[in-house]
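The structure appears below as structure tokens.
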Amino acid sequence: MLDRNIEIFIKVAEFNSFTVAAQVLYISQPAVSHAIKHLEDELKVQLFYRDKRKGLVITDIGKKILSLVRQMEDIDNRITQIAYQENNLISGTLRIASLPSLTASYVSHTLKMFHQLYPNVKIEIREGTPQEVKAMVDGYMVDLAFSTSPYDQYDYITIKEDQMLCISQSSSKRKVILSKLDHTLILTKSAFETVMDNTKNGNFIDMKNVIIVQNLDSMMNMVNDGIGDGIISAHPLTYIKKEYTINDLKPDINFEIGVFTNNLNELTPVAKEFVRILKENIV
């Protein structure tokens, strides 16, 4: 139901590339260029421009239009699913945002059961940090998100309680005082945001001795190479085979792992069924 040119616009904006959008949509690059040109002519605005350093960049008016068409995409998906549901069918697209560590555990485990029941549902997963997945929910890019608390104004379901810990190659046990670091600490961007979001005053961390990396593998490799100790939540430690000395942090950093959305009662039929399976088998 969604206009094809709008679908193409969404993909170009997502990847900042005509070429990648064409590959994802299985159409030619000239077809993508033609669709964007047609949309710009119809709306009488410029949606993208090219920058020598950044490449393809969406314009300010393009960003405003993108926000609205994402809502159109969400409504289109809901209409399709409601129509299928009327015929006792579950179909459409399930769109999930998640922290990478939660994708590998709760999302994957729930999807395994979900896919066995509904193999025709298309699955879209977008990964990011806690702040990034919140932006995806706000921007109607996903139906629901797996992340860490706080969940602010969102509806949420708690999966488990968790806490931040320090892992070290050293055999000596000690309490790591974040305001008085005498050694280097390494955190992923997601872990850093979780620490900041779940402490009253993030200024207590001695940032001179902190290294922030993008993903868990980078952090683990740097810890293994002796560059510093790692800050990690207790949850992914259950999936890490190598043994480390685990130290507590001061102050304690406790939080929840959960799934959240703008309104649980207004989820699409597909998303509601996914949440049902999650609650019955995981939570």
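How large is log10 of I(q)/I(0) for the chain at q = 0.10, 0.17 Å⁻¹ when the intensity is taken from the Debye formula with one equal scatterer per alpha-carbon? Here log10 of I(q) over I(0) equals -0.65, -1.28. Which of these, LEU56, LEU111, LEU185, has the largest mean-square fluctuation under a Gaussian network model of the chain (Cα springs below 10 Å)? Taking springs between Cα atoms under 10 Å, the residue moving most is LEU56. Here the Gaussian network model covers the chain, with springs between Cα atoms less than 10 Å apart; of ILE125, ILE211, ILE61, ILE61 fluctuates the most. For the chain, the longest principal axis of the Cα atoms and the long axis of helix 108-117 meet at an angle of about 40 degrees. Extension gain, GLU124 to ASP248, is 41.0 nm, computed as 0.36 nm per intervening residue step minus the present C-alpha separation.
Among the listed pairs LYS180/LYS250; LYS11/LYS37; LYS112/LYS189; LYS160/LYS279, which are separated by more than 21 Å between their Cα atoms? Listed pairs above 21 Å: LYS112/LYS189.
Taking the C-alpha atoms only, the angle from helix 4-15 to the longest principal axis of the chain is near 20 degrees.
Proximity of backbone amide H atoms, modeled 1.01 Å from N, is registered between LEU56 and ASP51 at under 5 Å, excluding neighbours fewer than 5 places apart on the same chain.
In percent, rounded to a whole number, the relative contact order of segment 1-87 is 27, using alpha-carbon pairs under 8 Å and six or more apart. By the count of other C-beta atoms within 10 Å, a proxy for reagent exposure, ASP162, ASP60 are ordered fewest to most as ASP60, ASP162.
Among ARG174, ARG53, ARG70, the largest mean-square fluctuation in a Gaussian network model of the chain (Cα springs under 10 Å) belongs to ARG53. Distance between the 7 Å Cα→Cβ label points at ALA31 and LEU68: 2.7 nm. Among THR268, THR194, THR158, the order by Cβ neighbours within 10 angstrom, fewest to most, reads THR158, THR268, THR194. Over the chain, Cα pairs under 8 Å with separation of 6+ residues give a relative contact order of 22 percent. Please report the spacing between the Cα centers of segment 156-219 and segment 57-136 in Å, no decimals. Taking the Cα centre of each part, segment 156-219 and segment 57-136 sit 30 Å apart. Around the Cα centre of segment 229-283, unit charges on the Cβ atoms of Lys, Arg, Asp and Glu (plus for the first two, minus for the last two) sum to a dipole of about 160 debye. In the chain, the longest principal axis of the Cα atoms and the axis of helix 60-86 are about 80 degrees apart. Using a Debye calculation, one point per C-alpha and no hydration shell, please list log10 I(q)/I(0) for segment 162-254 at q = 0.11, 0.18 Å⁻¹ in order. At q = 0.11, 0.18 Å⁻¹ the computed log10 ratios are -0.26, -0.74.
The slack in the chain from LEU117 to GLN46, taken as 0.36 nm per residue of separation less the alpha-carbon distance, amounts to 21.1 nm.
Read-outs: derived from the displayed coordinates by stated rules, not from any lab. None of these values were measured; they are calculated from a predicted model. So basically every Cβ, Gly included, is an ideal-geometry build from the backbone, and we count neighbours across all protein chains shown.
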